[in-house]
Amino acid sequence: MNKVLRFSDSVLALFVLLLMSIPTQSFSTDYSLDFEMPPPPEEPQLAIDGGMLVCPGEVVRVAIRVKNFTDITSLQFTVTWDPAILEYDKLLDVNPNLMERTEMADGQMGLYNMNWVHPPLTGITLEDETALLTIVFNAVGENEATAMLHFADTPTPFEISQYLGGTATLITGKVMDDSVMIRAPFLSNVDIADEEGGQVNGAIDITVAGGSPPYTFEWSNDAATEDLTGLEAGDYSVTITDFRGCITTAGPYTVDMTSAVGEIETLESLQIFPNPVREQLHIRAAFSQQEQLDIRLSNLMGQRVYREQLNNTFLNTDIDVQSLPMGVYLLEIATAQGILTEKIVLR
C-alpha cells in the first residue's frame with residue numbers, strides 16, 4: 001500500500017517562517033587582471049662600423065657588425081664605396097658561422113657582395129656588436145676626402161630570414177651606412193718675410209688646419225715652433241704631426257735676401273733674386289739719374305768671381321753662377337755715392 005505524506009497548512013507556514021529567519025549573505029567577486037603584452041622583437045640589423053678619421057696612406061679596417069641577430073637562417077647584402085678614396089685590400093676575421101657562403105669583392109668597382117644560408121635552416125644567434133667580417137682598405141684619396149660605405153641594392157639587395165614557427169621566414173631588417181674621412185694637417189696659409197740686407201731677420205708664419213690638434217712641428221733648421229723668426233736667407237721645410245700621428249711635410253719655403261733702398265740716394269728700386277740661387281742671379285735696379293755702376297761678386301775669401309761696369313739709369317744684369325762652388329758670396333753695387341752690399345747664398 002502506498003502512503004502519501006501530507007503536511008497541514010500550519011506546518012507549511014512554520015517551515016516558511018524558518019526559512020525566512022535564516023540570515024542571507026551577499027557574495028561578490030571582483031577579478032582584475034594586469035597583463036602586459038610582450039614587446040615585439042626588434043629587427044635584425046647590420047651596421048658598417050665606420051665613422052672614423054684616417055691618415056693619408058693609412059690601412060683602414062671596417063667591420064660589419066650585427067644586432068638582434070637571433071635564429072637567422074640566411075643573409076645577403078652588398079656594400080659599396082668610392083675606390084678612388086678607399087682601395088680594397090682583403091677580408092679579415094670572417095665569422096666562423098659564415099663558412100657556407102658565396103661572395104664577390106671587386107676593388108675596381110668598389111663593392112663587396114655576400115650570400116649565406118645556414119645549412120640546417122634552424123638559424124644561428126650572435127651577440128650584439130659581433131663582427132661578421134672586416135674589410136681592409138688602403139686610404140689612397142686626397143686629404144679631406146670622404147668615402148661613404150653604403151648598403152646598396154645591386155647586385156644583391158639586403159635580405160634576411162629567421163627561423164620562425166619551425167620554418168625559415170623572410171623578415172624585415174635594417175642596415176646602417178657610415179663613412180671614412182681622410183684628414184691630415186695641411187697649411188692653409190704661409191707668410192714669408194725676407195731677410196733684409198744681411199740682418200738675419202727673415203720669418204716664416206704658417207697657419208695649420210685639418211687633422212686632429214694639437215700639432216707638433218719639426219723644421220729643417222731643427223726648430224720645433226709653429227712659426228720661425230730670425231732667419232737668414234735660405235730654404236726651410238717643416239714636418240707637422242697631429243694628435244693621431246698623421247704626418248704632413250711642407251716646403252721648402254725660400255727666404256730671400258732683399259736690400260733696403262736708400263743706402264744710395266739715387267737708388268729708387270732694387271731687386272736681387274732668387275736668393276738662395278742655383279743657376280742665374282738676376283739684378284734689377286732703377287736710379288733717379290745716370291750712374292757709373294760697378295757690379296762685383298766675391299766669395300768670402302775676397303776672390304772676385306764676377307765684375308761688370310756700366311753707365312746707366314737702369315740695371316738689368318743676369319749672372320750665371322752654375323759653375324761656382326756652393327757657399328756664401330758678397331754682391332756689391334758701387335756708385336760714386338757709395339756701395340751697397342748684399343749676401344748671396346749659392347746652393
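Whole-Hz ³J(HN,Hα) for each residue in the range 126-138, computed from phi via Karplus 6.51 cos²θ - 1.76 cosθ + 1.60 with θ = phi - 60°, x for glycine and proline: what do you get?
With coefficients 6.51, -1.76 and 1.60, one gets 10, 5, 4, 6, 5, 8, 6, 6, 10, 9, 9, 10, 10 Hz.
Taking amide H atoms as placed 1.01 Å from N in the peptide plane, list the residues 5 or more away in sequence, or in a different chain, whose amide H sits under 5 Å from that of Gly107.
none
Per the helix-only calculation at 222 nm, which mean residue ellipticity applies to the chain, given -39500 (n - 2.57) for every DSSP H run of n ≥ 4 and division by its residues, nearest 500 deg cm²/dmol? Intermediate results must be reported in sequence, preceding the final value.
Values: 1 runs with 13 residues, N = 347.
Only helices count here, giving -1000 deg cm²/dmol.
To the nearest 10 square angstrom, how much accessible area does Trp219 have with a 1.4 angstrom probe?
10
So which aspartates and glutamates can Lys67 reach, going by Cα to Cα under 20 Å and dropping same-chain residues fewer than 8 places off?
Straight-distance partners of Lys67: Glu42, Glu43, Asp49, Asp93, Glu127, Asp128, Glu129, Glu159, Asp177, Asp178.
Leaving out ligands, DNA and RNA, what percent of the accessible area of the range 118-211 is carbon and sulfur, probe 1.4 Å?
Carbon and sulfur: 49 percent of the exposed surface of the range 118-211.
Would you pull out the residues with amide H under 5 Å of Asn275's amide H, same chain only if 5 or more places away, H placed 1.01 Å from N?
Distant-sequence amide H within range of Asn275: Met257.
Per the Kirkwood treatment, what hydrodynamic radius in Å, one decimal, follows for the range 180-243 from the mean inverse distance over all distinct Cα pairs?
Details: mean 1/r = 0.0789 Å⁻¹.
Computed over the range 180-243, the radius equals 12.7 Å.
Explain nothing, just the number: dipole magnitude of the chain about its Cα centre with +1 on each Lys and Arg Cβ and -1 on each Asp and Glu Cβ, in debye rounded to the nearest 20.
Computed about the Cα centre, the dipole is about 1460 debye.
Using only Cα atoms, locate the centre of the range 234-249 and the centre of the range 50-64, then give the distance between them in Å, rounded to an integer.
That distance is 21 Å.
Given Cα pairs under 8 Å that are at least 6 residues apart, what percent is the relative contact order of the chain? List each step's numbers first, then the result.
Values: 817 pairs, mean separation 43.5, N = 347.
Once divided by the residue count of the chain, the mean separation gives 13 percent.
By how many degrees, between 0 and 90 and to the nearest 10, does the Cα long axis of helix 9-21 differ from the longest principal axis of the chain?
20
Hey, what's the Cα Rg ratio for the range 85-144 versus the globular rule of thumb, 2.2 N^0.38 Å?
Ratio of Rg to 2.2 N^0.38 Å for the range 85-144: 1.39.
For the chain, what class follows from the C-alpha gyration tensor (a ≥ b ≥ c being the square roots of its eigenvalues): rounded when a/c is under 1.5, otherwise prolate if a/b is larger than b/c, else oblate?
prolate
What is the gain in length, in nm to one decimal, between Ile247 and Thr341 on full extension, counting 0.36 nm per residue of separation less the C-alpha to C-alpha distance?
Using 0.36 nm per residue and subtracting the Cα-Cα distance, I get 29.7 nm.
Residue-wise, which Karplus ³J(HN,Hα) couplings in Hz belong to the range 235-241, taking 6.51 cos²θ - 1.76 cosθ + 1.60, θ = phi - 60°, and x for glycine or proline?
Values per residue, Gly and Pro as x: 9, 9, 10, 9, 10, 10, 10 Hz.
May I ask for the percentage of alpha-carbon pairs in the range 192-347 that lie more than 24 Å from each other?
43
Using Cα pairs under 8 angstrom and six or more residues apart, how large is the relative contact order of the range 208-333, in percent?
Numbers: 232 pairs, mean separation 21.3, N = 126.
Relative contact order for the range 208-333 comes out at 17 percent.
Quick one: which residues, 5 or more positions from Gly50 or on another chain, have an amide H under 5 Å from its amide H? H modelled 1.01 Å from N in the peptide plane, none for Pro or chain starts.
Ser179
The values are calculated or read from the model by the stated rules, or taken from the named source; none is laboratory data. The structure presented is a predicted model; accordingly, all values stated were derived computationally and were not measured. Quick reminder, even Gly has a Cβ in these numbers, built from the backbone with ideal geometry, and neighbours come from all protein chains shown. The protein model used for the area step is the full one, side chains on, heavy atoms only, and it has no ligands, DNA or RNA in it. Shrake-Rupley method; radii C 1.70, N 1.55, O 1.52, S 1.80 Å.
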